[in-house]
1. Working only within region 124-133, note down all residues that are in contact (Cβ under 8 Å) with a residue 12 or more places away in the chain, open to solvent by 10 Å² or more (accessible area, probe 1.4 Å) and closer than 12 Å to Arg95 by Cα.
2. Which residues, counting only those in region 1-55, are in contact with a Lys or Arg (Cβ under 8 Å, 6 or more places away or on another chain) and either buried (at least 17 other Cβ atoms within 10 Å of the Cβ) or over 16 Å from Gly74 (Cβ atoms) (or both)?
3. I'd like to know if region 106-116 contains one or more residues that are hydroxyl-bearing (Ser, Thr, Tyr) and closer than 28 Å to Asp170 by Cβ.
4. For region 62-75, what are the residues that are open to solvent by less than 10 Å² (accessible area, probe 1.4 Å), under 13 Å from the mean Cα position of the chain (by Cα) and within 20 Å of Leu204 (Cβ to Cβ)?
5. I'm trying to understand the selection: among the residues of region 139-155, which are without any contact (Cβ under 8 Å) to a residue 60 or more places away in the chain and surrounded by 16 or more Cβ atoms within 10 Å (Cβ to Cβ)?
6. Quick check, is Ile106 aliphatic (A, V, I, L, M) and closer than 21 Å to Val201 by Cβ?
7. Please state which one of Ala136, Ala158, Ala121 is open to solvent by less than 70 Å² (accessible area, probe 1.4 Å) and at pLDDT below 95.
8. Which of the following residues is touching a residue at least 60 places away in the same chain (Cβ under 8 Å), among the hydrophobic types (A, V, I, L, M, F, W, C) and in contact with a strand residue (DSSP E or B) (Cβ under 8 Å, 6 or more places away or on another chain): Ala54, Ala109, Ala82, Ala97?
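The values are calculated or read from the model by the stated rules, or taken from the named source; none is laboratory data. None of these values were measured; they are calculated from a predicted model. Cβ: placed from backbone, ideal geometry, glycine included. Neighbour counts: every protein chain shown. Accessible surface areas use protein heavy atoms only, side chains included; no ligands, DNA or RNA. Shrake-Rupley method; radii C 1.70, N 1.55, O 1.52, S 1.80 Å.
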Amino acid sequence: MEEILKYFSNLSDEQQQQFAVLADLYKDWNQKINVVSRKDIDNIYLHHILHSLAIAQYIRFKDETHILDFGTGGGFPGIPLAIVFPKCRFKLIDRTAKKIKVTQEISRAIGLENVIAEQCAGEEEKGKYEFVVSRAVMPLGDLLKITRKNISKQQFNAIPNGLICLKGGDLSAEIRPFKNILDVTPVTNWFKEAWFREKNVIYLPVN
């Protein structure tokens, strides 16, 4: 929890309480349904929750922004972002039913009223959103092919609508087709822990 307060010091009491209980909720659910590597569950705040919040450092979503979390798994990055942006609307989708069950139950347990979690393949999702977010789900080109239909043409925020992805490692081949339009921002611009080295926020505007 200290990792969150270190970088997000202006959270309300309710938001702090929501973050405070996430670790125990995930540890409890992870014993039943493996949504986070069991070797990594003790690093839930740094490796999963704070990592998700790199998107909140990259962009401050305006109230009423609609955001699709594609391939959310156990709720990342969607649940941490929904806590930070309580007046935005989030839909979290994943094709794996048991992961969506965890996402639904944790959202309910912490009282998130701005989240819908649904078992759904990306190809089947019909809604329109200002942004699609994801965390290391698939190559950028494949993600764009599936989600372009879901990105609204009506600009609502300070930057054009599009994809915002969390990715690590050597991205040179993956981003080459988009190098003239996308933005790559190292997560270490905001979070100084060594674990975030070579991790990036990728923003691709979609017209």
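1. Of region 124-133, the ones in contact (Cβ under 8 Å) with a residue 12 or more places away in the chain are 125-133.
Within this subset, residues satisfying the condition of being open to solvent by 10 Å² or more (accessible area, probe 1.4 Å) are 126-130.
Hits for region 124-133: nothing passes.
2. Step one: of region 1-55, the residues in contact with a Lys or Arg (Cβ under 8 Å, 6 or more places away or on another chain) are 30, 33, 35, 41, 44, 51-52, 54.
Within region 1-55, Asn30, Val35, Ile41, Ile44, His51, Ser52, Ala54 qualify.
3. Residues of region 106-116 that are hydroxyl-bearing (Ser, Thr, Tyr), as a first pass: 107.
Then drop every residue that is not closer than 28 Å to Asp170 by Cβ, which leaves none.
No, there is no match, as no residue in region 106-116 is hydroxyl-bearing (Ser, Thr, Tyr) and closer than 28 Å to Asp170 by Cβ.
4. If we filter region 62-75 for residues that are open to solvent by less than 10 Å² (accessible area, probe 1.4 Å), which is where we start, we get 65, 67-69, 72, 74-75.
In the following step, the residues that additionally are under 13 Å from the mean Cα position of the chain (by Cα) were identified as 67-69, 72, 74-75.
Those that are open to solvent by less than 10 Å² (accessible area, probe 1.4 Å), under 13 Å from the mean Cα position of the chain (by Cα) and within 20 Å of Leu204 (Cβ to Cβ): Ile67, Leu68, Asp69, Thr72.
5. If the condition is that a residue be without any contact (Cβ under 8 Å) to a residue 60 or more places away in the chain and surrounded by 16 or more Cβ atoms within 10 Å (Cβ to Cβ), then Ile151 is the only one that fits.
6. Working: aliphatic (A, V, I, L, M): yes; closer than 21 Å to Val201 by Cβ: no.
Taking the combined requirement at face value, the residue does not satisfy it.
7. On the way: Ala136 fails: open to solvent by less than 70 Å² (accessible area, probe 1.4 Å); Ala158 fails: open to solvent by less than 70 Å² (accessible area, probe 1.4 Å).
Matching residue, one of Ala136, Ala158, Ala121: Ala121.
8. On the way: Ala109 fails: in contact with a strand residue (DSSP E or B) (Cβ under 8 Å, 6 or more places away or on another chain); Ala82 fails: touching a residue at least 60 places away in the same chain (Cβ under 8 Å); Ala97 fails: touching a residue at least 60 places away in the same chain (Cβ under 8 Å).
Result: Ala54 is the single residue among Ala54, Ala109, Ala82, Ala97 that is touching a residue at least 60 places away in the same chain (Cβ under 8 Å), among the hydrophobic types (A, V, I, L, M, F, W, C) and in contact with a strand residue (DSSP E or B) (Cβ under 8 Å, 6 or more places away or on another chain).
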